[in-house]
Every structure is written in C-alpha cells, then in structure tokens.
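S.K.: The structure under discussion is supplied below as structure tokens; questions concerning it will follow.
All of the numbers you see were taken from the coordinates with simple rules; none came from a lab. Here the structure is a predicted model, which means the values were calculated and not measured. Because the Cβ atoms are built from the backbone with ideal geometry, glycine has one as well, and the counts that use them run over all protein chains shown.
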Amino acid sequence: MIIYNVTVKVDPGVAEAWVYWMKAEHMPELMGTDLFIDCRLCKLLDQDEAEGITYSAQYFCEDMERYNLYIEQHSERLRERSNKRFGGKFIAFRTLMEVIS
C-alpha cells in the first residue's frame, strides 16, 4: 500500500475555510478519481502556529501504478484549484510512503 502525504501549513486567517474546503470539496474530488481507497485529514499537534496551522492530508492507494495515474492525469488540475482558491495562504510539501506492515 502507498500513502501519498501532503503536509500543509495554512495561514490562521483562512484555516477554518481551508479545512471546510478540504473536507467538502478537495478530498471528495480526489477520491472521485477512484485511484485511492481511503483518505484522512489530520492536524499536527505540538507545532508553533505563529506562522500557520499545520495539517497532513493522507491518501491511500493500493499500488504505485494507481499513484502514478493520479499524478499523470489529475494532480496538476487539483493543485491549480488549490492555488486559485488559497494561493499565497498556504505552503505544501508532498511525501510518498510505502506501508511495510
């Protein structure tokens, strides 16, 4: 199993709207690609929130083939929507993990 993890530091002034948008729009749209089998949104604890609130969006897929299809066919469009909606109000970095056990 593969976990596509997106860690995002969000401006406190838009954090509530960003969380709502993630849960109501972005994550359902990503899941609608049928390439992932589950997702979750977490808030990181014990973080200095002076410059933003940090979240981790995790998307689970069965294999690298499905992940690569997502990157090739959907990721650019979804990233553009994020930037259009909240551009300049967040910083994101992405990691890819493989579940060992």
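S.K.: I'd like the residue in region 40-57 that is buried (at least 19 other Cβ atoms within 10 Å of the Cβ) and within 11 Å of the chain's Cα centre (by Cα) and, out of all such residues, is nearest to Asn5 (Cα to Cα).
M.R.: Result: Ala57.
S.K.: Please go through region 26-39 and give me each residue that is free of Cβ contacts under 8 Å to residues at least 12 places away in the same chain and more than 12 Å from the chain's Cα centre (by Cα), ordered by number.
M.R.: Hits for region 26-39 are Gly32, Asp34.
S.K.: Right, another one. Name every residue in region 79-91 that is surrounded by 15 or more Cβ atoms within 10 Å (Cβ to Cβ), under 13 Å from the mean Cα position of the chain (by Cα) and of a type in the set (A, V, I, L, M, F, W, C), in order of residue number.
M.R.: Phe90
S.K.: Search region 58-78 for residues being over 23 Å from Ala15 (Cβ atoms) and among the aliphatic types (A, V, I, L, M), and hand back the single one that is surrounded by the fewest Cβ atoms within 10 Å (Cβ to Cβ).
M.R.: Met64
S.K.: Same structure again: Starting from region 77-101, take each residue that is more than 18 Å from Thr54 (Cβ to Cβ) and list its partners that are surrounded by 13 or more Cβ atoms within 10 Å (Cβ to Cβ) and of a type in the set (Val, Ile, Thr), counting only C-beta distances under 7 angstrom and pairs at least six apart or across chains.
M.R.: Leu96/Ile2; Glu98/Ile2; Val99/Ile3
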